[in-house]
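The values are calculated or read from the model by the stated rules, or taken from the named source; none is laboratory data. The shown structure was predicted, so the numbers you read here are calculated from the model rather than taken from an experiment. Ideal geometry is used to build each Cβ from the backbone, glycine not excepted, and the neighbour counts take in all protein chains shown. The protein model used for the area step is the full one, side chains on, heavy atoms only, and it has no ligands, DNA or RNA in it. Shrake-Rupley method; radii C 1.70, N 1.55, O 1.52, S 1.80 Å.
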Amino acid sequence: MAIFGMKDASNITLLDKASKKVAMYIDYANATTSEWSSDRVYATKKGANAIAWDTNRSGKLTLESELFDLKLLAMTVGSGLDQGSADIFRRETFTLDSSKAFKLESVPKSDSVSIFKLKDDGVEHDGSEIPQKITGNAGSVPTMVTDVAVTAKDVSADITWSASNGANSYVVYRNGVQIGQPTTTSFSDSDLIAETQYKYTVTAVNTNGQSPVSAEVVIKTAAAGTSTAGAVVKATDEAIAIATAIANAAGQSGLSFTVGEGGAIQLSAEAIVGAEYVAYYVASVNGATTITVGADTFASAFEIYGDAYIRDQSSGEDSFIQLHYFNARPQSNFTLTQSAKEPTSLSIVFDLFPNDKGDLATYKIVK
């Protein structure tokens, strides 16, 4: 009887179980491990095991590699490889020159740019996020709504305001709750309670988002049965000052930035020349390969052939050995650990199931 030794990881060919078509060939595994197990129970005689019963054998095939095809990773999570454009989150740093302008490497998606000044370490943010200047032009949310005016009867009120630059529509709030979204600069509110105080604000909306909130107008409805509208009520100077301060902090004035054509960024005059800034943004890029890990998508079943060589102890000759696993499915759990010190290692475990004959695998040796 020949004695053999083996020093090889199997080359693996995966066939889709349903179609019998070749799905993938893997010749880069560092290790392929077959594990066979069976639970055993005993009947004892005077405390010693006397009779044994074995349950059906189960198997696992583990593939470990520091190189991997993207198809292998996709297969493990039950995903396809989607080719084409994809949204990518980017971070770019820059030192501001006298123009106080720079250009991003990619064109950002609307309303996705965030800019911070950096501390001397070039990493930590120095202060809060710099607001994007609100202009109402392309790429900006509308300017703050002004001149909100309210006239009230006993159970209704009419609200008007000045048009906001860049607005597609408006949102009217009563006591902080949205009550309408007109496309014109007026709105009628109803079903109010007589002799009751109400607070109205308005914001402007476009595809980039919503403007700062207008100054608050406080009114009191008339006595029950009053059908004539009362005097026009507008925001107090204090309410206007508060709303304006909030709008300026949001980017209507002061330190801010604008996004121009092709990802051109312009910081306002308050920005510091020679300081380092960072931009975060989302860009749509072409040539991306996307693998999606779904909550309810899992790998298919495969038929696997493993090829390797074993060596005869006496003759030193190598013989071909093929391992055939009839029914294998990757486990849903897997770990991909990234390290700055070692190559990333991917370990995939296949559960092995028997075929219709009850066979899990065969080992065939060819001299």
Original post:
Based on what the data block shows, is ASN286 in contact with a strand residue (DSSP E or B) (Cβ under 9 Å, 6 or more places away or on another chain) and surrounded by fewer than 15 Cβ atoms within 10 Å (Cβ to Cβ)?
Top reply: yes
Original post:
Taking the stretch 58-89 as the region of interest, how many residues are in a strand (DSSP E or B) and within 23 Å of the chain's Cα centre (by Cα)?
Top reply: 8
Original post:
Only one of PHE89, PHE94 is modelled with pLDDT of 95 or more, exposed (fewer than 14 other Cβ atoms within 10 Å of the Cβ) and either in contact with a Pro (Cβ under 8 Å, 6 or more places away or on another chain) or among the aromatic types (Phe, Trp, Tyr) (or both); which?
Top reply: PHE89
**OP:** Check off (1) open to solvent by 50 Å² or more (accessible area, probe 1.4 Å); (2) more than 30 Å from LEU352 (Cα to Cα); (3) touching a residue at least 12 places away in the same chain (Cβ under 8 Å) for VAL233 and give me the number that stays unchecked.
**Re:** (1)
Original post:
So which residues in the stretch 13-41 are within 30 Å of ALA52 (Cβ to Cβ) and not polar (S, T, N, Q)?
Top reply: GLU35, TRP36, ASP39, ARG40, VAL41
Original post:
What are the residue pairs meeting all of these: first residue in the stretch 2-16, first residue basic (Lys, Arg), second residue at pLDDT 90 or above, Cβ atoms under 8 Å, and 6 or more apart or on different chains?
Top reply: LYS7/ARG311
